[in-house]
1. When the chain is fully extended, how far beyond the present Cα-Cα distance does residue 219 get from residue 189, taking 0.36 nm per residue of separation?
2. Test of understanding: what is the full-extension gain from residue 234 to residue 334, defined as 0.36 nm times their sequence separation minus their Cα-Cα distance?
3. Once you have a ≥ b ≥ c as the square roots of the Cα gyration tensor eigenvalues for the stretch 139-216, tell me rounded if a/c is under 1.5, and otherwise prolate or oblate according to whether a/b is larger than b/c.
4. Obtain the radius of gyration and the Kirkwood radius of the stretch 230-302 from its C-alpha atoms and give Rg over Rh.
5. Largest first and in whole Å, give the semi-axes of the stretch 112-254's equivalent ellipsoid, each being the square root of 5 times a Cα gyration tensor eigenvalue.
6. I need the peptides 78-86, 133-141 ranked by packing, meaning the mean over residues of other C-beta atoms within 10 angstrom, with the highest value on top.
7. Can you tell me how much longer the chain between residue 144 and residue 103 gets when fully stretched, taken as 0.36 nm per residue apart minus their C-alpha distance, in nm with one decimal?
8. According to the square roots a ≥ b ≥ c of the eigenvalues of the Cα gyration tensor, what is the shape class of the stretch 81-344, taking rounded for a/c under 1.5, prolate for a/b larger than b/c otherwise, and oblate for the remainder?
């Protein structure tokens, strides 16, 4: 039977009214989770895994509940450092440290002859009773040598679409950075997106695209470009979502990336701790790096370097990307077997 948001909220109010005043905030959140499961079942929503997911994040100002159907607001879910470098005329790199409020995560990856990429997230599950909600691509590469990734700036309301979908669109329709920017322009003109930063790289160009609702601003660079969780082209110097280390990670990337000349040196940057025992490699301030990625193209050959966990201690895997003429069932199987703690969707 159809159930409205108002039905859910009323049932939730009825279910927890007796316990609301006597519980501390963390216990209230736990009670909300249990109560909402119960009231949804009462209202006939039995497929909870596909209808609702919960997320309670620890950290300053970051306790919240996220519902797939749009009840509640999200904040401080994702916090990533991204960028791209040109080493030589025929060699370029794109990188991402993926930071979450959980300390462990398993990627879900798409791979075919045209596109590779870990799926993007609207929210991730912290309980066995629910599942993560995936959409778009967090980063990726296509058969034409176009690399792309995105990071979080701020979540919009229900009218806004997940910024990960822009990465997916760019990799499916574009052969170059120029075409990717045009595709992003078209998408953002058609509907608003969550605030996010995209990094794009190909054999000829590097670019950053800052997306804010239905506005975008573009920066081109010759040898390096990067972003943390704010938007410099919109005049920001710190995270609008109050993520405490966006500015310090920005400063670290700015000071370190200018001397990076190899994959190994980039790995050292992604594993760096310039802010005490944390930094670009984030140790729970307030989130934790759960994956680190480097997409590498040299003389037309594309490789993924990926570490599951903190890049200062996790083992890196080096995986040739079987795209274009290199893709077949056997090459996909080898990639699938070697990808760390993930699975190919």
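1. 8.9 nm
2. 31.7 nm
3. prolate
4. That ratio is 1.02, to two decimals.
5. Working from the Cα gyration tensor, I get semi-axes of 22, 20, 15 Å.
6. Highest to lowest by the protection proxy: 78-86, 133-141.
7. My answer for the length gained is 11.3 nm.
8. Because its axes are fairly even, with a/c under 1.5, the stretch 81-344 counts as rounded.
No value in this document is a laboratory result; all are computed from the given coordinates. Because the structure is predicted, anything quoted here is derived from the model rather than measured. All Cβ positions, glycine included, derive from the backbone under ideal geometry; neighbour counts span all protein chains shown.
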